[in-house]
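The values are calculated or read from the model by the stated rules, or taken from the named source; none is laboratory data. All figures in this text were calculated on a predicted structure; none of them were measured in a lab. Cβ atoms come from the backbone with ideal geometry, glycine included; neighbour counts cover every protein chain shown. Areas reflect the complete protein model, heavy atoms only, side chains present, ligands, DNA and RNA absent. Shrake-Rupley method; radii C 1.70, N 1.55, O 1.52, S 1.80 Å.
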Amino acid sequence: MINFQYARASDVADAVRQIAAAPGAKFIAGGTNLIDLMRKDVMRPERLIDISRLPLKTVEDTAEGGLRIGALVPNSDLAYHPLIAQRYPLLGSAILAGASQQLRNMASTGGNLLQRTRCAYFYDTVTPCNKREPGSGCSAIAGHNRMHAILGTSEACIATHPSDMCVALAALDAKVRVAGPSGERAIAFADFHRLPGDTPQRDTNLAPDELIVAIELPARGFAANYSYLKIRDRLSYAFALVSVAAALDLSGGRIREARLALGGVAHKPWRDRAAEAALQGQEPGPASFGRAADVLLHAAKGFAHNSFKIDLARRAIVRTLTQAANATPQSQSDKRIR
């Protein structure tokens, strides 16, 4: 563990002022990922700005009929919040698929968005990693890459984004509210996380002097026909090989609207609007679901140890859409896949 300075922010404006004045600083709230990164010498912030006491822990209705979720709402509180359970059960299900109860108690909503990849080479400071040390190379491309990306990769990085919650937020068309020196702005969730390109060290489009203050959900929550399915090596406390968030609006035996996002397959939650469009107007069933999966995966590329994920993703997409269409969402307590 390195030496660092510690300060506590008194309000959002103070937090923004402090981070703008100390470019080497990081915000800390639950610390469930940052502390690990510091202990393993992957990140070495010179100053930690504690935001855990800021008034960002409410869940409230918006004028547009949606919900505004404060950035410091603990993941466990959010998963079991009555408004989430009633109107956005896809989000609650995805949260409960991630981590452990203890970690969810500590992890904040805003911090969940900023998780770093769990690529083993990123955490191993004696191996080259463009994400940890730009220009040093990617050890995963020719290394053990069983958990790595099959979509949106680059020659610089094939790491995956680890969050479950973010996959559901992508499917639900959320927005990220951030505060910075110029005031508050909204970032569409699809634009918040980045593909690696030639700058894999940047995970998001959040500016270094900005603070996440809330997540906004639109009015439409797809509470009737949804499912979140996570395929992993063991049934709890494991990151996804492939996860799928699916939501359908059904009318007259046809799909009026579809949402489809994947986790564990790319550097960001992977939502494919072309695959969603392929489902629109179709009868729900294996044939239409399979065609949508083919659209989503047409550019998928496997590496030495993870090509199996392409077929796994296809089957997971079909299964999750089937669960959504049948209104039989995947249980996150009884994890057997039905």
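Quick notes
- Every pair of residues 6+ apart whose Cβ atoms lie under 7 Å, when the first sits in region 36-64 and is farther than 24 Å from Tyr123 by Cβ while the second is acidic (Asp, Glu) and in a loop (DSSP other than H, G, I, E, B): Leu54/Asp11
- Residues satisfying the stated conditions in region 298-320, i.e. open to solvent by 20 Å² or more (accessible area, probe 1.4 Å) and of a type in the set (A, V, I, L, M, F, W, C): Ala299, Ala300, Phe303, Ala304, Phe308, Ile310, Leu312, Val318
- Looking at Gly137, Gly110, just one residue is at positive phi and touching a strand residue (DSSP E or B) at 6+ places or on another chain (Cβ under 9 Å), and that residue is Gly137.
- For region 109-135, the tally of residues that are under 30 Å from Ala79 (Cα atoms) and in contact with a helix residue (DSSP H, G or I) (Cβ under 7 Å, 6 or more places away or on another chain) stands at 4.
- Qualifying residues in region 29-54 (those that are assigned to a helix (DSSP H, G or I) and not acidic (Asp, Glu)) - the one surrounded by the most Cβ atoms within 10 Å (Cβ to Cβ): Leu34
- Wholly enclosed helices (runs of 4 or more DSSP H) of region 117-225 bearing at least 1 residues more than 27 Å from Ala325 (Cα to Cα), among the aliphatic types (A, V, I, L, M) and at pLDDT 95 or above: 120-123
- Of all positions in region 208-215, at least one carries a residue that is surrounded by fewer than 17 Cβ atoms within 10 Å (Cβ to Cβ) and at negative phi.
- Checked against (1) open to solvent by 30 Å² or more (accessible area, probe 1.4 Å); (2) touching a Gly at 6+ places or on another chain (Cβ under 9 Å), Lys26 passes all but a single condition, namely (2).
- Filter pass, Arg273 being basic (Lys, Arg), surrounded by fewer than 23 Cβ atoms within 10 Å (Cβ to Cβ) and without any contact (Cβ under 8 Å) to a residue 12 or more places away in the chain: yes
- Output for region 1-23, where each listed residue is at pLDDT 95 or above, out of contact with any strand residue (DSSP E or B) (no Cβ under 7 Å at 6 or more places or on another chain), open to solvent by 40 Å² or more (accessible area, probe 1.4 Å) and over 14 Å from Pro208 (Cβ atoms): Ser10, Asp11, Ala13
- Cβ-Cβ contacts under 7 Å between residues 6 or more apart (or on different chains), taken from a first residue in region 282-304 that is assigned to a loop (DSSP other than H, G, I, E, B) to a second residue that is hydroxyl-bearing (Ser, Thr, Tyr) and open to solvent by less than 50 Å² (accessible area, probe 1.4 Å), are listed as Gln282/Ser288; Lys301/Thr153.
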